[in-house]
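Presented below is the structure to which this report refers.
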Amino acid sequence: MDIDTVAGDVGSLDPELLQLPELSPFALKTSPQIAEDLFAQWLSLPQTRRLVKSLVDDAIAGIPITAPGSTSSANTAGSNVLPSMFPAGSTPPLSPRSSPGSPRFSKLKTSPSSLRSPLKLASEPVREAIPQFYFHNGPPPPKELKEQCLSRIDDLFSGQMDGLQLHEFKLVTKELCKLPTFFSSAIFRKIDTSCSGIVTRDAFIKYWVDGNMLTMDTATQIFKILKQSDRNYLSQVDFKPILLELVATHPGLEFLHGTPEFQERYAETVIYRIFYYINRSGNGRLTLRELKRGNLIAAMQHADEEEDINKVLRYFSYEHFYVIYCKFWELDTDHDFLIDKENLIRYGNHALTYRIVDRIFSQIPRKFTSKVEGKMGYEDFAYFMLSEEDKSCEPSLEYWFRCIDLDGNGVLTPNELQFFYEEQLHRMECMAQEPVLFEDILCQIVDMIAPEREDYITPADLKGCKLSGNVFNILFNLNKFIAFESRDPFLIRQEREDPTLTEWDRFAHREYIRLSMEEDGENASNGSVEVWDESLEAPF
């Protein structure tokens, strides 16, 4: 580009453009031609032409070009070379605050802070290393704990240069891992991934110590041992190995060794009970949070230490399994391991109404695991029976609440309660019982529950009342309704003497005695008042 070709002269500048006191960005945006005119006129100034020509000559000669403002001298030179757009005498005056003669300017000039950057007054911050606070596999064990564990590992693996076999691993599970002995095979398989049948000292240290299992709480240890590597939850299948080992090794279950079928059924029933009480979401996926909130860990420790398995009332009692299985077998007349509506209506000596049985088989409270239409399997029956015989626990309250909630809106209205009570009223009339009108029943229910609002009942209302189970008995279980109305003082005194027992514990104990007496060929109604209270029999 030839600088001389830039047309224009200083005298040809547009005074209106050059003397603008202020040019806002908005004006430039709306009238971009103004900026182009200003730039063109700046290029036409003689000083601009000389500056540009000098820079071009230097570039052609290969002389390094110093950008204006890079040094103080360049800054000064740049300020002198660059032409001003304002004619002499038209430069705006300096602000009074910046006047060289002002007291503020003098003060700033003599202030020490003006001689150097204020950032340099502050000392350099000391860089402190933040200790690691998150560990994906848990925090590593403290040095002392690790040394103690390694010393104990050396003792248990001493003399076993090749490692320990499965039958020798129980002591490691009990003393080192502090877990129930029936976890031995599960831990062994976790370590022996190659299925060599041997766990060496180094392999155990790698899994238990280096894997930080040593510092985890018991629930987390059990969760990691049982779960599949690609899942973050426990399924029913994950509990099967430890329960089969429990059946094979527990002294209180030795009598089952000759009946593999009942070993399998016992293990399944324990699993159903575990998921019924602990898997509150009901999706069959037991999370670590649910495991920690439940009482399963304490029950496992109790089962490992107690020789009489029937004293472990939570989940593991064989008597409780016996009652559930025999009840199911009694109703399953064709023994195809499935029951239908007509079978279930006979439960508890025809205690339930047809309407509530229809709701159960419509799978409203819980989807059936049975694949046969209109049939209930053993697992489905176990959930039903646990809910029916202990209406004081939260899983049972939720089960029956869903049954009564006809429209599924999360509340029970008087119309829904009346729908189920109508059949109860009809049954009382057929039995020549004095009928109780629904209006009186509704007042009784409101008095018992004391709901937050009297026009409907919520799950929170039921869970906050100890008599909630009686509401459901009033609606669809005539036998228990009449028993509640009679209120046997002997039973009330029993409950107060041992409040740790649940309704299910008391029912299972009475029912086991009855079933065992029947199996021995004795009549349960003869001379057994001490162990079987005839007042608990169905009234019809």
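Largest first and in whole Å, what are the equivalent-ellipsoid semi-axes of the range 139-215 based on the Cα gyration tensor, each being the root of 5 times an eigenvalue?
19, 13, 12
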Taking a probe of 1.4 Å and leaving out DNA, RNA and ligands, the range 437-488 shows per residue an accessible area in Å² of 50 Å²
Value of relative contact order over the range 236-289, rounded to a whole percent, pairs C-alpha under 8 Å and six or more apart
32 percent
Take the solvent-accessible surface of the protein heavy atoms, probe 1.4 Å, and return the percent of it on the range 139-215 that carbon and sulfur atoms account for.
53 percent
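Quick one: pull the percent of accessible area on the range 317-402 belonging to carbon and sulfur, 1.4 Å probe, ligands and nucleic acids left out.
51 percent
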Based solely on C-alpha atoms, express the radius of gyration and the Dmax of the range 230-316 in angstrom.
13.1, 38
Just to confirm, what accessible area per residue do you get for the range 230-316 at 1.4 Å probe, in whole Å²?
48 Å²
Using only protein heavy atoms and a 1.4 Å probe, report how much of Tyr315 is accessible, in Å² to the nearest 10.
10 Å²
Value of relative contact order over the range 363-511, rounded to a whole percent, pairs C-alpha under 8 Å and six or more apart:
25 percent
Counting only protein heavy atoms and a 1.4 Å probe, tell me what percentage of the range 219-305's accessible area is made up of carbon and sulfur.
48 percent
Sorting Tyr354, Tyr378 on solvent-accessible surface, 1.4 Å probe, most exposed first, gives Tyr354, Tyr378
Using only protein heavy atoms and a 1.4 Å probe, report how much of Glu511 is accessible, in Å² to the nearest 10.
10 Å²
Please compute the per residue accessible area over the range 139-215 with all protein chains in place, 1.4 Å probe, rounded to a whole number of Å².
54 Å²
Could you compute how much accessible surface Lys53 exposes when probed at 1.4 Å, giving the result in Å² to the nearest 10?
110 Å²
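The values are calculated or read from the model by the stated rules, or taken from the named source; none is laboratory data. Remember, predicted model here, so these are calculated numbers, not experimental data. Areas reflect the complete protein model, heavy atoms only, side chains present, ligands, DNA and RNA absent. Shrake-Rupley method; radii C 1.70, N 1.55, O 1.52, S 1.80 Å.
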